[in-house]
Amino acid sequence: MKAAVRYYTKGGNTRKVAEAMAEAIGVEARSIDIPLEEAVDVLFLGNSVYAANMDKEVKEFVTANKDKIGKLVNVSTAALIEGTYGRMSKLCKELGIGIDEREFHCKGEFKFMHKGRPDEQDLADAKAFAKEIVVG
Ligand SMILES: Cc1cc2nc3c(=O)[nH]c(=O)nc-3n(C[C@H](O)[C@H](O)[C@H](O)COP(=O)(O)O)c2cc1C
């Protein structure tokens with residue numbers, strides 16, 4: 001199974017999770033500034049919410065790469081809400097991309113909240129999640 005990991009980050013939380021996942025499945029985690037070079041069966045896409053919205057760069061990346069994404073796996077570090085699956089699945093539906101029902105979400109540090117998150121346990125959970133998706 002061909003897999004790739006991309007992330008969008010403002011403060012580094014989502015990058016940490018993406019890098020843990022990428023290490024677990026033997027690929028490199030890259031920013032969404034880098035388009036997919038080839039079609040993949042699974043794309044792990046790290047993103048979060050800022051002022052209640054998914055960033056427009058994330059939407060643009062998914063839209064521009066839609067023909068190369070077999071299935072998207074949503075990865076989120078939102079601090080207040082319990083993931084960004086709803087927003088991402090809506091976008092995938094509009095674009096005709098399949099999205100796995102499983103989402104990885106852990107709280108990310110935000111101001112005085114969730115100090116140190118993602119922490120070691122979050123990163124271990126992220127690795128196990130990615131392996132489960134790719135290896136089963
Ligand atoms: C400007 C800004 C706005 C945010 N707005 C929200 C929000 O509306 N809901 C929420 O759950 N988290 C919100 N957060 C928290 C981030 O989603 C959270 O800290 C996340 O882990 C940031 O990921 P990053 O470090 O990869 O950018 C906001 C963070 C920032 C910096």
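The values are calculated or read from the model by the stated rules, or taken from the named source; none is laboratory data. Bear in mind the structure is a predicted one, so any value in this text is a computation, not a measurement. Neighbour counts are summed over all protein chains in view; Cβ atoms, including those assigned to glycine, are modelled from backbone coordinates with ideal geometry.
Can you work out which of the residues in region 29-49 that are surrounded by 16 or more Cβ atoms within 10 Å (Cβ to Cβ) and in a loop (DSSP other than H, G, I, E, B) is nearest to the ligand (Cβ to nearest atom)? Going through the qualifying residues, I end up with Ser48. Just the residues that are of a type in the set (Lys, Arg), assigned to a loop (DSSP other than H, G, I, E, B) and surrounded by 13 or more Cβ atoms within 10 Å (Cβ to Cβ), please, taken from region 74-126. Passing the criteria: Lys107, Arg117.
Give region 1-28 a look and list any residue that's farther than 15 Å from Ala126 by Cβ, away from the ligand (no atom under 14 Å from the Cβ) and surrounded by 17 or more Cβ atoms within 10 Å (Cβ to Cβ), or say none.
The initial filter retains those residues of region 1-28 that are farther than 15 Å from Ala126 by Cβ, namely 1-2, 4, 8, 10-11, 28.
When the remaining residues are screened for being away from the ligand (no atom under 14 Å from the Cβ), the result is 1-2, 4, 28.
Residue satisfying the conditions is Ala4 alone.
Has region 88-100 got at least one residue that is on the phi < 0 side of the Ramachandran plot and within 12 Å of the ligand (Cβ to nearest atom)?
The answer is no; no qualifying residue exists.
Take Ser76 and tell me if it is within 11 Å of the ligand (Cβ to nearest atom) and touching a strand residue (DSSP E or B) at 6+ places or on another chain (Cβ under 9 Å). In short, yes. Report yes if some residue within region 7-23 is in a strand (DSSP E or B), modelled with pLDDT of 95 or more, touching a Leu at 6+ places or on another chain (Cβ under 8 Å) and not aliphatic (A, V, I, L, M); otherwise report no. Yes, the conditions are met somewhere in region 7-23. Please verify whether region 50-73 includes one or more residues that are closer than 23 Å to Ala128 by Cβ, buried (at least 21 other Cβ atoms within 10 Å of the Cβ), within 12 Å of the ligand (Cβ to nearest atom) and modelled with pLDDT of 95 or more. No, region 50-73 contains no residue that is closer than 23 Å to Ala128 by Cβ, buried (at least 21 other Cβ atoms within 10 Å of the Cβ), within 12 Å of the ligand (Cβ to nearest atom) and modelled with pLDDT of 95 or more.
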